[in-house]
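A.B. asks: The structure follows.
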Amino acid sequence: MHAPSTSLPPLQASHWFNSPAPPTLDGLRGKVVAIHAFQMLCPACVAQALPQASRLHDAFAGDDFAVIGLHTVFEHHAVMGAAALQAFIHEYRLRFPIGIDEADPRGPIPRTMAAWNLRGTPSLLLLDRDGALRLSHFGHIDDLLLGAMIGRLLQQAPRQAAPAAGAGCDEHGCAVPGPA
């Protein structure tokens with residue numbers, strides 16, 4: 001389990017399902033976000049990660065939490081195109097937004113997977129309300145442990161922007177300037 005606290009490069013998806021507009025990491029700020037990177041021919045993804053993503057989507061539905069799926073294909077490219085993924089999403093009744101990680105013409109590893117340094121599928125990333133990466137985990141993670149992590153992140157308020165210089169701030173807080 002890896003728990004950095006940095007921002008991720010943008011999602012690079014060539015197509016989206018279950019979303020009227022392509023979600024962006026910047027557009028999801030203010031929410032806790034779980035991103036499940038998967039392949040539809042990955043046994044652990046089908047048996048564990050995608051059912052977990054669906055449970056998260058159902059359990060934490062609301063304005064404070066989002067689940068994103070990222071179909072990040074690094075093997076068997078010929079059989080895992082958009083039409084096959086659309087049928088898969090329908091058959092497995094996946095209701096959260098799912099993007100197809102953009103292919104990199106230079107090699108088999110798709111762009112987002114490479115930019116995020118993912119080791120394989122399934123991979124789970126958790127972002128806090130400020131968009132900071134709080135967890136990057138390869139493989140399956142226990143539902144109870146994950147739920148506790150999400151609960152803690154949901155309890156945290158977003159960081160406030162730093163006040164402008166000269167606003168009367170010190171270690172005790174920021175005072176409203178009085179009349180001159």
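A.B. asks: Of the residues that make up region 70-79, is at least one of a type outside the set (Phe, Trp, Tyr) and modelled with pLDDT of 95 or more?
C.D. replies: If we filter region 70-79 for residues that are of a type outside the set (Phe, Trp, Tyr), which is where we start, we get 70-73, 75-79.
Next cut, modelled with pLDDT of 95 or more only: 70-71.
Looking for residues that are of a type outside the set (Phe, Trp, Tyr) and modelled with pLDDT of 95 or more, one finds at least one in region 70-79, hence yes.
A.B. asks: Considering only residues of region 104-140 that are touching a residue at least 60 places away in the same chain (Cβ under 8 Å) and of a type in the set (Lys, Arg), which is farthest from residue 74 (Cα to Cα)?
C.D. replies: 129
A.B. asks: Give the number of residues within region 140-158 that are surrounded by 15 or more Cβ atoms within 10 Å (Cβ to Cβ) and in a loop (DSSP other than H, G, I, E, B).
C.D. replies: Number satisfying all stated conditions: 2.
A.B. asks: Now, a different point. In region 86-96, how many are in a helix (DSSP H, G or I) and either at pLDDT below 95 or of a type in the set (D, E, K, R) (or both)? Walk me through how you get there before you give the answer.
C.D. replies: So the first thing to find is which residues in region 86-96 are in a helix (DSSP H, G or I), and the list is 86-91.
From what is left, the residues that are either at pLDDT below 95 or of a type in the set (D, E, K, R) (or both) are 91.
Number satisfying all stated conditions: 1.
A.B. asks: With respect to the numbered conditions (1) surrounded by 15 or more Cβ atoms within 10 Å (Cβ to Cβ); (2) over 16 Å from the mean Cα position of the chain (by Cα), which one is the sole condition not fulfilled by residue 106?
C.D. replies: Condition not satisfied by residue 106: (1).
A.B. asks: Would you call residue 63 out of contact with any strand residue (DSSP E or B) (no Cβ under 6 Å at 6 or more places or on another chain), surrounded by 12 or more Cβ atoms within 10 Å (Cβ to Cβ) and either at pLDDT below 95 or of a type in the set (Ser, Thr, Tyr) (or both)?
C.D. replies: No: the conditions fail for residue 63.
The values are calculated or read from the model by the stated rules, or taken from the named source; none is laboratory data. What you see is a predicted model; the values in this text were computed from it and never measured. Backbone-built Cβ (ideal geometry, glycine too); neighbour counts: all protein chains shown.
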